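Accompanying notes for the structure given below.
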Amino acid sequence: MEPDFYKIAKKWQQEWERNEIFKVKEDKNKPKFYCLEMFPYPSGYLHMGHVRNYSIGDAYARFKRMNGFNVLYPMGYDSFGLPAENAAIKHGANPKEWTEKNIEGIKKQQKEMGFSYDWSREIATHKEEYYKWNQWLFIQFWKKGLVYQKEGLVNWCPSCKTVLANEQVIDGKCWRCNSEVEKRNLKQWFLKITAYADRLLKDLDKLEGWPEPVKTMQRNWIGRSEGTLIKFKVKDTDLELATFTTRVDTIYGITYLVIAPEHPLTQELIKDLENRAEAEKFIQECLKESYESRTAEDKEKRGFFTGKYAINPVNNEAVPIYIANYVLGDYGTGVVMAVPAHDQRDFMFAKKYNLPIKVVIQPEDYELDPEKMTRAYTEPGILVNSGKFNGMNNLEAIPEIQKYLEENNWGGKTVNYKLRDWLISRQRYWGTPIPMIYCENCGVVPEKEENLPVRLPEDVKFTGSGNPIETSKTFVETTCSYCGGKARRETDTMDTFFDSSWYFLRYTSPREDKQPFDKEKVEYWLPVDQYIGGIEHAVLHLLYSRFFTKVLYDLGLVNFEEPFTRLLTQGMVIKDGAKMSKSLGNVVDPQEFNQKYGPDTSRLFILFAASPEKELDWRDRAAEGTYRFLVKLYNNVISAKELIKNNERKELDNYDKYILSVINRGVKEVSDMFENFKFNLATARIMQISDELFTYIRRQDINSKVLKESIETLLKLISPMTPHIAEELWHELGNNSFISLENWPRYDESLIDDKLEFLINLHKSVAEDIRTIKKLVNEDVKKVKIILPEDWKYELYNFIKEKFKDKDNHREIVKEVMSSEFKQYGKSAITIANNFVKNPQLISQPMFNRDEEMNAYLITIEDIKLRSGLDCEIEVTFEPSNELEKKKQQNASPGKPAIVLE
């Protein structure tokens, strides 16, 4: 019988919702656990790649809930963003309607998967009740001096008259109209994240529950480096350029400076240049390239002479200043000192533009000649051509040169960060309006907090040209909240990373209307105990969230400095060799799959096919195999109902004890696997346990209590992964409670019997041997004889195990055996000893004797028949009846009997 898993899922989803079993509130009598997945952007419906994230989180939340934790497991939607606005432009749609339609579709899909969210806490960042607090937080950051305006370079499409995100610039052209994109300086709003650079870096060491690669990515992004700031006067001007270097030991070897095309002083340097038009053209060409392209190692290094010279402060040498494509305006100071003799990139640039190469570090064993050098020398050495520092080891000279610069006010020791302040303003509609006012009398001021939210205007035109908000006079034209004078509103909206930097706090009190979150509830639930999401968010989202939390801590709004205690970054789902994507046409629709196989099949396959942090290769046939396992599980439990009801045996035999040992060991191992997100291993172990249970059922001679409790334990173990089927079977066994709210099973160490499990499992290899021999003889089999080895072999096995249980030198086994009483057995004893040398794992196997092994086969006779595919008499003996059997017995060993087919 094939059960309708989709229908079963619907039934229990309705029951869970009707009884609100996943709704949670603060309870100081229970340990709390906050489990959270990165919330989705509702750009369209979900595919199995998205479902993986939620399946991992839900299995873990259910596991913790069953372990007695008060679990907060919420869901919401990161619902502002550019795709909604693009849809409005393309289809004449309303971004809000488009977004909410997608949310409705995603939510339906999530509910069909049976995820145990507390839906009463649902949030969506595009709703006024949420973005009002974005604006409030922005104002608090403003008050603390962490918000400022400055001119910043943006991608500008002159045809669409709008700012483009980097991903909207394709090969230097606008994705929408194919026009050449320009770089423009526009006034932008920034958050001063650099003020927290040191804390963000230092506190990474506290995050013991984070993957090391993620912490490394953040360290690299923050990019702290100790070095030297050097000031250069520009000859015949009042201008001064500053550079940051970690190699101040090479300062005497500077032969030119390079400045970024977008540097604020670049235009000043070229204003009097005769060929300024060529310089401008070069600058525009550079700015059209992405930062990644400009800094790529294999990218051609191009430059343009500004006509100006900088004065090296330590030797008064005038060196030319070049604009270079590989220098970035927002990295370091945007100006780089070039020492071609000791930097390979500088060397290649100098060769290209015929610039001088000056050696200032000589190796100890040979002398560099700049005329003959074919590459830069970057190893340590002795300073030459370096004034008062000649003869010093170059690395040892660094602090002395720094001191010299400081004494003369030419620069000095400093710390530089790769991290730059966070540009949050976006010149588009679908985002949180920045709550700032430009007043003719008061200047730039924030909206008064009591007037929040500053609502997104609805009387806008989506033409695809410019910022739609600017088309709303009712929004733009306003009066100042402070003086009542004429004013205009800021028309930029916030980067949507702002929304996602604190949403995890809002879940604690999503309907709070007097403050962004209830501080008392935050103190109960936060920090997040387990956060789950894609590795692609390892830097920006996680870094911004950490920054927000530290600011809120400094403002006294939270009592912790790190938002996420433990982090899991799950791998992507691929199909047909590529990441699941609508554009590639390799998407698996969860709804279509679920209707055929049920959501529990999707969930279990996702968790079984790969460990969470690895890529998951979706294969339809393998997923169908998971379905077949669940059908077998379902049917076996249903068939066990009658067996449990009709069997009254109460005493425990060895097979009952074996089942109890398997179950208790399974609980111990699966619990540990769940705790460490090894769902794939847990699933494999559960499948093994179910096989053992259903072999037990086939025996018919069962203990009802053992069988019922064992099946119930199995259902509890699998319920976090397949909650609907587990719930259905739980009730089929006569239980009235929800298995989702049951206690996680506990194991009894005293019931775990290594020896009994080992002995009873011997029958599997015996059945395999019988099946192999049967194929070779290719005849009808009327009888099978299982002939155990002579008794002395058991004694020898146990002798070796006892002697070498705590030793690593297994090569001594033969010597030990041949100096013992077992020497009398000659070659046979040596063969056994050598077997232990080749297979030292045998030493850790339990000790047993011939009677125990015989009994193990006798109680598994029926299973041996099933596994070997034979329905005939099977005899177990240690007394051979003829010469052939005697000969075969000589090759038998404990756990590996001789097999004779008749």
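The values are calculated or read from the model by the stated rules, or taken from the named source; none is laboratory data. Worth saying up front: this structure is predicted, and the values here are computed from it rather than measured. Glycine gets a Cβ as well: all are built from the backbone with ideal geometry, and neighbour counts include every protein chain shown. In case anyone asks, the SASA skips ligands and DNA or RNA and just uses the protein heavy atoms, side chains included. Shrake-Rupley method; radii C 1.70, N 1.55, O 1.52, S 1.80 Å.
Within region 580-619, if we keep just the residues that are of a type in the set (A, V, I, L, M, F, W, C) and in a helix (DSSP H, G or I), the residue that is surrounded by the fewest Cβ atoms within 10 Å (Cβ to Cβ) turns out to be Leu584.
Taking the criterion of being of a type in the set (Val, Ile, Thr) and more than 16 Å from Arg121 (Cβ to Cβ), the residues of region 504-544 that qualify are Ile532, Ile535, Val539. Restricting Tyr553, Tyr524, Tyr544, Tyr531 to residues that are among the aromatic types (Phe, Trp, Tyr), closer than 22 Å to Thr432 by Cα and either open to solvent by 10 Å² or more (accessible area, probe 1.4 Å) or in contact (Cβ under 8 Å) with a residue 40 or more places away in the chain (or both) narrows the list to Tyr544. Scanning region 34-66 for residues that are open to solvent by 40 Å² or more (accessible area, probe 1.4 Å) and either over 30 Å from Gln427 (Cα atoms) or in contact (Cβ under 8 Å) with a residue 40 or more places away in the chain (or both) yields a total of 3. Looking at region 129-148, is at least one residue acidic (Asp, Glu) and at pLDDT 95 or above? Looking for residues that are acidic (Asp, Glu) and at pLDDT 95 or above, one finds at least one in region 129-148, hence yes. Just one of (1) open to solvent by less than 50 Å² (accessible area, probe 1.4 Å); (2) assigned to a helix (DSSP H, G or I); (3) within 30 Å of Asp330 (Cα to Cα) fails for Ile106. It is (3). How many residues, within region 838-856, are within 18 Å of Glu802 (Cβ to Cβ), of a type in the set (D, E, K, R) and open to solvent by 50 Å² or more (accessible area, probe 1.4 Å)? Result for region 838-856: 1. Among the residues of region 563-602, the one identified as hydroxyl-bearing (Ser, Thr, Tyr), in contact with a His (Cβ under 9 Å, 6 or more places away or on another chain) and closer than 18 Å to Glu37 by Cα is Thr569. Only one of the numbered conditions (1) open to solvent by 40 Å² or more (accessible area, probe 1.4 Å); (2) over 25 Å from the mean Cα position of the chain (by Cα); (3) in contact (Cβ under 8 Å) with a residue 40 or more places away in the chain is not met by Ala242, and that is (1). Reported count of residues in region 480-502, each being touching a Gly at 6+ places or on another chain (Cβ under 7 Å) and either surrounded by fewer than 21 Cβ atoms within 10 Å (Cβ to Cβ) or among the aliphatic types (A, V, I, L, M) (or both), is 1. Applying the criterion of being assigned to a loop (DSSP other than H, G, I, E, B) and at pLDDT below 95 to the residues of region 556-574, the residue that is least open to solvent (accessible area, probe 1.4 Å) is Gly571.
Against the test of being open to solvent by 20 Å² or more (accessible area, probe 1.4 Å) and within 27 Å of Arg603 (Cβ to Cβ), the options Pro31, Pro74 yield a single qualifying residue, Pro31. In region 753-809, of all residues being more than 30 Å from Asn664 (Cα to Cα) and among the polar types (S, T, N, Q), the one that is nearest to the chain's Cα centre (by Cα) corresponds to Asn809. Scanning region 443-474 for residues that are among the hydrophobic types (A, V, I, L, M, F, W, C), closer than 19 Å to Gln135 by Cα and either open to solvent by 20 Å² or more (accessible area, probe 1.4 Å) or in contact with a strand residue (DSSP E or B) (Cβ under 6 Å, 6 or more places away or on another chain) (or both) turns up Val444, Val445, Val454, Leu456. Ile424 - would you say it is at pLDDT 90 or above and farther than 26 Å from Leu542 by Cα? Criteria not met by Ile424. For region 345-355, indicate whether the set of residues that are among the basic types (Lys, Arg), open to solvent by 10 Å² or more (accessible area, probe 1.4 Å), over 15 Å from Arg294 (Cα atoms) and in a loop (DSSP other than H, G, I, E, B) is non-empty. No, region 345-355 contains no residue that is among the basic types (Lys, Arg), open to solvent by 10 Å² or more (accessible area, probe 1.4 Å), over 15 Å from Arg294 (Cα atoms) and in a loop (DSSP other than H, G, I, E, B). Looking at the structure I just gave you, is Gly577 closer than 29 Å to Phe69 by Cα, small (Gly, Ala, Ser) and under 22 Å from the mean Cα position of the chain (by Cα)? Considered against the rule, which asks whether it is closer than 29 Å to Phe69 by Cα, small (Gly, Ala, Ser) and under 22 Å from the mean Cα position of the chain (by Cα), Gly577 comes out as no.
Yes or no: region 524-537 includes at least one residue that is in a helix (DSSP H, G or I) and farther than 30 Å from Gly49 by Cβ. Yes, the conditions are met somewhere in region 524-537. Ile702 passes every criterion in (1) open to solvent by less than 40 Å² (accessible area, probe 1.4 Å); (2) closer than 19 Å to Leu756 by Cβ; (3) in a helix (DSSP H, G or I) apart from (3). Ser740 satisfies every condition listed in (1) open to solvent by less than 60 Å² (accessible area, probe 1.4 Å); (2) part of a helix (DSSP H, G or I); (3) farther than 30 Å from Gly114 by Cβ except (3).
One residue alone among Phe190, Phe141 is buried (at least 16 other Cβ atoms within 10 Å of the Cβ), part of a strand (DSSP E or B), in contact with a strand residue (DSSP E or B) (Cβ under 6 Å, 6 or more places away or on another chain) and not β-branched (Val, Ile, Thr), and that residue is Phe190. Applying a threshold of 7 Å to beta carbon distances and a minimum spacing of six or more residues, or different chains, the list of pairs starting in region 815-834 at a residue that is over 18 Å from Ala892 (Cα atoms) and ending at one that is open to solvent by 90 Å² or more (accessible area, probe 1.4 Å) and part of a helix (DSSP H, G or I) is empty.
Yes/no per residue for (1) at negative phi; (2) modelled with pLDDT under 90; (3) outside any helix (DSSP H, G or I):
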{"position": "Ala726", "(1), (2), (3)": "yes, no, no"}
{"position": "Leu729", "(1), (2), (3)": "yes, no, no"}
{"position": "Trp744", "(1), (2), (3)": "yes, no, yes"}
{"position": "Tyr747", "(1), (2), (3)": "yes, no, yes"}
{"position": "Asn761", "(1), (2), (3)": "yes, no, no"}
{"position": "Lys775", "(1), (2), (3)": "yes, yes, no"}
{"position": "Trp792", "(1), (2), (3)": "yes, no, no"}
{"position": "Asn798", "(1), (2), (3)": "yes, no, no"}
{"position": "Glu802", "(1), (2), (3)": "yes, no, no"}
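If you go through region 32-48 and keep only what is under 26 Å from Trp502 (Cβ atoms) and touching a strand residue (DSSP E or B) at 6+ places or on another chain (Cβ under 7 Å), you end up with Lys32, Phe33, Tyr34, Cys35, Leu36, Glu37, Met38, Phe39, Pro40, Pro42. For region 384-400, filtered to residues that are out of contact with any strand residue (DSSP E or B) (no Cβ under 6 Å at 6 or more places or on another chain) and hydrophobic (A, V, I, L, M, F, W, C), the residue that is least open to solvent (accessible area, probe 1.4 Å) is Ile398. Number of residues in region 282-331 that are part of a helix (DSSP H, G or I), farther than 16 Å from Ile259 by Cα and open to solvent by 50 Å² or more (accessible area, probe 1.4 Å) equals 2.
Comparison of Thr306, Thr374, Thr333 shows that the only residue that is out of contact with any strand residue (DSSP E or B) (no Cβ under 6 Å at 6 or more places or on another chain) and β-branched (Val, Ile, Thr) is Thr374. With respect to the stated conditions, Lys215 is buried (at least 16 other Cβ atoms within 10 Å of the Cβ) and either under 36 Å from the mean Cα position of the chain (by Cα) or assigned to a helix (DSSP H, G or I) (or both).
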